[in-house]
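Inspection log for the structure reproduced underneath, given as structure tokens.
The values are calculated or read from the model by the stated rules, or taken from the named source; none is laboratory data. What you see is a predicted model, and the numbers here were worked out from it, not measured in a lab. A quick note on method: Cβ atoms are made from the backbone with ideal geometry, for glycine too, and the neighbour counts reach across all protein chains shown. Quick note on the areas: whole protein, heavy atoms, side chains included, nothing else; ligands and nucleic acids left out. Shrake-Rupley method; radii C 1.70, N 1.55, O 1.52, S 1.80 Å.
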There are 4 protein chains.
Amino acid sequence: MKEVMQEINKFREDRDWNQYHTPRNLATSIIIEAGELMENFQWQDEPKDMVNVKEEIADVLIYTMMLADDLDLDLETIIREKIAKNALKYPLEK
Amino acid sequence: MKEVMQEINKFREDRDWNQYHTPRNLATSIIIEAGELMENFQWQDEPKDMVNVKEEIADVLIYTMMLADDLDLDLETIIREKIAKNALKYPLEK
Amino acid sequence: MKEVMQEINKFREDRDWNQYHTPRNLATSIIIEAGELMENFQWQDEPKDMVNVKEEIADVLIYTMMLADDLDLDLETIIREKIAKNALKYPLEK
Amino acid sequence: MKEVMQEINKFREDRDWNQYHTPRNLATSIIIEAGELMENFQWQDEPKDMVNVKEEIADVLIYTMMLADDLDLDLETIIREKIAKNALKYPLEK
């Protein structure tokens, strides 16, 4: 995934897009893409266009990874920390 | 990241939550978490609570990774495919 | 506004769309339209296309009014109740 | 509804909140509230807490009405224009 992050960063640097990638703009982009993903579930439970589902998932990931990278957050670390927090909130029943 | 995905899957299997994780429910969860992330930018450009920002980013990632995994999508592959498509749409000027 | 609601209801009844208008599908439609409205603010504070802003606002309103109508909620009543609740939460300083 | 709009405007003016109500902040608020409404449909089709559904619908309406008012848009007009546009896009079959 670190290589993928480098490719994402190269893509935006090549186009000089970093100037638009404020945290707010990236968070806005995440929810816009999440909305486009939701369009596949607007009127039915099963999506009709799996190619679009795949692309919208990728878009959500790309913007989320850019935001995390810009904020110097390590993906694995923040996910593991959140799982640990969730495990405290929802402990396993014995 | 594959290990992290295994930990996420173990977490939900341990709690028997997979039964609720339909693609539609997961897509809904992604946009709900994206909305909680947006709360940090509701009235200002700079978020006040970076701990919350970090956690909401993690939540978006966790639900998106679960959805991709359930649909047998490889994260690196779909991101690279989307970057390639974007590169065609936005070619570099010479 | 009651006449407008009647026109909205006639529009969907004429097309036999009520069958798709479950509360969940309408709530999903509201956030999808809210996402399309947000696209106008993805990279800038000032929207470039006011015609689109106007149409997306209308779409949010139409779906929200349909949901409220299907749930037998009176718009004026629920808005006034919410304002009253907010006034308790944020009392005026003297 | 015009009276309700006046009450909404009085509420924010009394608290000097208009300064925060840029179009972008209001659009952001609409989608945040739409996300809170969606929470009622995260894991099930039928919402469990109808009081919350009612309040979130009111919140979506309040922010959308404030945005429309700030942009000098008349609610009935923009809804009717959108219905007319939709009628052209989805004509009735004979």
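Given the pairs A:Lys2/B:Lys89; A:Lys2/A:Lys82; A:Lys54/D:Lys82; B:Lys54/C:Lys48; B:Lys48/C:Lys82; B:Lys54/C:Lys82, which are separated by over 29 angstrom at their Cα positions?
Details: A:Lys2/B:Lys89 24 Å; A:Lys2/A:Lys82 20 Å; A:Lys54/D:Lys82 31 Å; B:Lys54/C:Lys48 31 Å; B:Lys48/C:Lys82 27 Å; B:Lys54/C:Lys82 31 Å.
Listed pairs above 29 Å: A:Lys54/D:Lys82; B:Lys54/C:Lys48; B:Lys54/C:Lys82.
What does the convex hull of the Cα atoms come to per residue for chain D, in Å³?
Values: hull volume 14.5 nm³, N = 94.
In chain D, the Cα hull volume divided by residue count equals 154 Å³.
For chain D, calculate the relative contact order in percent as a whole number, restricting contacts to Cα pairs under 8 Å that are 6 or more residues apart.
30 percent
What separates the Cα centres of segment A:19-60 and segment C:1-19 is a distance of 29 Å. Each label point was placed 7 Å from the Cα along the Cα-to-Cβ direction; for A:Thr22 and D:Thr77 their separation is 3.1 nm.
Converting phi to 3J(HN,Hα) with the Karplus coefficients 6.51, -1.76 and 1.60 and the offset θ = phi - 60°, segment D:21-38 yields 8, 6, x, 5, 5, 5, 4, 4, 5, 4, 6, 4, 5, 4, x, 5, 4, 4 Hz in sequence order, with x at every glycine or proline.
GNM on chain C, alpha-carbon springs under 10 angstrom: the most fluctuating residue among C:Ile83, C:Ile31, C:Ile62 is C:Ile83.
Between copies, the label points at B:Pro91 (set 7 angstrom from Cα along Cα-to-Cβ) are spaced 4.0, 6.2, 6.7 nm, reported in nanometres from shortest to longest. Derived scalar couplings between HN and Hα for segment B:49-58 equal 10, 5, 5, 5, 3, 4, 5, 6, 4, 4 Hz in order, rounded to whole Hz, by the Karplus curve 6.51 cos²θ - 1.76 cosθ + 1.60 (θ = phi - 60°), x for Gly and Pro.
What GluC sites (Glu not before Pro) in segment B:2-94 are in a loop by DSSP, with at most 13 other Cβ atoms within 10 Å of the Cβ? Mind dumping the intermediate values first?
Details: sites: B:Glu3, B:Glu7, B:Glu13, B:Glu33, B:Glu36, B:Glu39, B:Glu55, B:Glu56, B:Glu76, B:Glu81, B:Glu93; in loops: B:Glu93.
Sites meeting the loop and neighbour criteria: B:Glu93.
Summed for both chains, how many Å² of accessible area, to the nearest 100, are buried between B and A with a 1.4 Å probe?
By this definition, chains B and A bury close to 5000 Å².
Relative intensity of the protein assembly as shown on a log10 scale, I(q)/I(0) at q = 0.06, 0.09, 0.14 Å⁻¹, equals -0.24, -0.54, -1.27, per a Debye sum over C-alpha point scatterers of equal strength in the absence of solvent.
Find the accessible area per residue for segment D:2-89; the probe is 1.4 Å, ligands and nucleic acids are left out, and the unit is Å². Could the numbers behind the result be given before it?
Values: 3980 Å² over 88 residues.
I get 45 Å² per residue for segment D:2-89.
Over all distinct Cα-Cα pairs of segment D:49-94, the Kirkwood formula returns a hydrodynamic radius of 12.7 Å.
In a DSSP loop and with at most 12 other Cβ atoms within 10 Å, the trypsin sites (Lys or Arg not before Pro) in segment C:1-61 are C:Lys48.
Counting only protein heavy atoms and a 1.4 Å probe, tell me what percentage of chain A's accessible area is made up of carbon and sulfur. Summing carbon and sulfur atoms, their accessible area is 49 percent of the total for chain A.
When nucleic acids and ligands are ignored and a 1.4 Å probe is applied, A:Met50 ends up with an accessible area of around 80 Å².
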